[in-house]
Amino acid sequence: MTAFSLEPAQLAWCAELRALAAERLRPLAEKGEPGRVNRALVAELGGLGLLGRLFTSGALDLCLMRESLAYACTEAETALALQGLGAHPVHAHGTEPQRARWLPRVADGTAIAAFALSEPGAGSDAAALDLRAEAEGGGSSGSGHATRWRLTGEKCWISNAPEADFYTVFARTTPGAGARGVTAFLVPADRPGLTGAGLDMLSPHPVGALGFDAVPVTADDVLGEVDRGFRVAMGTLNLFRPSVGAFAVGMARAALDATVAHTAGRDAFGGRLRDLQAVSHQVAEMALRTEAARLMVYAAATAYDEDAPDVPRRAAMAKLLATETAQYVVDAAVQLHGARALQRGHLLEHLYREVRAPRIYEGASEVQRGIIAKELYAAHQEAR
């Protein structure tokens with residue numbers, strides 16, 4: 001791939017994904033219940049081999065999948081992304097028994113994964129986690145000598161909760177240690193003491209809260225190393241943040257294409273809407289911003305695949321620009337379509353509800369700006 005375009009094979013694959021999303025995934029999505037896991041849709045993603053690609057593809061391929069699916073079926077895109085987000089820590093940091101038990105089932109769509117980081121008092125400030133992992137048998141939680149813990153506390157705003165089959169859970173093993181005292185655990189949904197409830201959210205994908213009442217976990221459930229779980233979380237987010245941007249780009253491109261078609265064919269004021277300079281310039285601005293966001297997303301994903309040193313900054317920039325752009329483009333599309341775009345079932349009504357959440361999850365826009373600034377000043381300090 002050059003800095004400006006995709007290879008023909010990549011373009012063909014994206015077109016194939018858009019067609020699959022429209023013809024095979026959209027009908028299943030329409031049969032799903034908002035706020036609930038659509039297992040039939042997830043199983044179809046597995047049957048098509050797309051979930052398996054989560055563990056064999058690089059960041060750029062992940063972006064191409066998410067952008068292409070989002071263009072035609074946001075529910076399918078989100079179902080795929082949530083499987084990847086919840087299972088990537090197992091793929092990247094899990095033991096062989098953990099991987100053997102869960103990854104084949106995630107890949108074929110028979111096990112639902114979830115990434116459980118956020119808490120009622122720790123959303124954007126992920127290092128401020130309160131979920132406690134209390135050591136059993138007299139071992140020190142943070143010393144690395146404990147082999148059994150009890151998880152006590154809450155998680156909130158967890159996608160796929162409470163219906164997931166397992167959760168990647170981040171808990172505090174060393175009090176007062178900030179990011180250095182967090183451990184990642186793989187927690188099956190049937191562990192005693194683990195409860196959950198769905199939340200009624202604006203976006204249609206499932207989101208819930210989890211309660212942990214002395215939930216037992218052992219050393220066999222640890223992902224990575226004790227007290228090094230924050231690295232697991234940030235590594236996962238660095239991979240998925242550019243692809244959140246790709247999801248946003250897919251929605252923006254769908255809104256843009258719908259707007260071009262609408263303004264080209266809509267009669268108004270003795271001509272077509274496109275003949276009004278205010279309209280055509282608005283459409284041009286939508287296209288400009290969408291293309292800029294797409295290029296930044298691809299650049300960030302390529303940097304991740306090449307193990308570049310500035311991945312956190314690039315990932316934050318891509319996620320920030322693309323999600324803010326998509327909000328602008330979808331809003332402008334609604335304005336140019338008029339009242340029809342506000343009807344339930346209209347593409348833009350759907351996108352208008354979907355486009356808001358990505359500016360918050362996996363690090364709100366303000367958090368991304370903080371990451372960018374931190375990385376810039378760190379680089380400046382190193383150069384002195």
Task: Sole exception among (1) surrounded by fewer than 24 Cβ atoms within 10 Å (Cβ to Cβ); (2) in contact with a strand residue (DSSP E or B) (Cβ under 9 Å, 6 or more places away or on another chain); (3) at pLDDT below 95 for Leu129, by number - done: (1)
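Could we say that Thr174 is surrounded by fewer than 24 Cβ atoms within 10 Å (Cβ to Cβ), of a type in the set (S, T, N, Q) and modelled with pLDDT of 95 or more here?
Working: surrounded by fewer than 24 Cβ atoms within 10 Å (Cβ to Cβ): yes; of a type in the set (S, T, N, Q): yes; modelled with pLDDT of 95 or more: no.
It is false that Thr174 is surrounded by fewer than 24 Cβ atoms within 10 Å (Cβ to Cβ), of a type in the set (S, T, N, Q) and modelled with pLDDT of 95 or more.
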- [ ] Go through the residues of segment 230-244 one by one and say whether even a single one is assigned to a loop (DSSP other than H, G, I, E, B) and more than 22 Å from Ser5 (Cβ to Cβ).
- [x] no
Open item on the list: Condition check: under 22 Å from Gly345 (Cα atoms) and not aromatic (Phe, Trp, Tyr). Does Glu67 satisfy that?
Closed with: yes
- [ ] Only residues in segment 208-236 that are at positive phi count as the first member; pair them with residues that are assigned to a helix (DSSP H, G or I), Cβ under 8 angstrom, at least 6 apart or cross-chain, and list the lot.
- [x] Gly224/Pro89; Gly224/His93; Gly224/Arg231; Gly224/Val232; Asp227/Gly142; Asp227/Arg180; Asp227/Gly181
Open item on the list: Of everything in segment 102-123, what is out of contact with any Leu (no Cβ under 9 Å at 6 or more places or on another chain) and assigned to a helix (DSSP H, G or I)? Give them in sequence order.
Closed with: Leu103, Pro104, Arg105
- [ ] Scan the helices (runs of 4 or more DSSP H) fully inside segment 16-97 and keep the ones with 2 or more residues being among the acidic types (Asp, Glu).
- [x] 59-72, 74-93
Open item on the list: If I filter segment 202-218 for residues that are in contact with a helix residue (DSSP H, G or I) (Cβ under 8 Å, 6 or more places away or on another chain) and among the aliphatic types (A, V, I, L, M), do I get at least one hit?
Closed with: yes
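Report, by residue number, each residue of segment 53-100 that is of a type in the set (A, V, I, L, M, F, W, C) and in contact with a strand residue (DSSP E or B) (Cβ under 8 Å, 6 or more places away or on another chain).
Scanning segment 53-100 gives Leu82, Leu85, Ala87, Val90.
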- [ ] Could you tell me whether any residue of segment 26-36 is under 16 Å from the mean Cα position of the chain (by Cα) and not acidic (Asp, Glu)?
- [x] no
Task: Members of segment 175-211 that are more than 30 Å from Lys31 (Cα to Cα) and part of a loop (DSSP other than H, G, I, E, B) - done: Pro175, Gly176, Ala177, Arg191, Pro192, Gly193
- [ ] Please specify each residue of segment 336-384 satisfying the condition of being outside any helix (DSSP H, G or I) and under 18 Å from the mean Cα position of the chain (by Cα).
- [x] Val355, Arg356, Ile360, Tyr361, Glu362, Gly363, Ala364
Open item on the list: Looking only at segment 261-278, count every residue that is modelled with pLDDT of 95 or more and surrounded by 15 or more Cβ atoms within 10 Å (Cβ to Cβ) and tell me the total.
Closed with: 2
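The values are calculated or read from the model by the stated rules, or taken from the named source; none is laboratory data. Keep in mind the model is a prediction, meaning the values are calculated, not measured. Because the Cβ atoms are built from the backbone with ideal geometry, glycine has one as well, and the counts that use them run over all protein chains shown.
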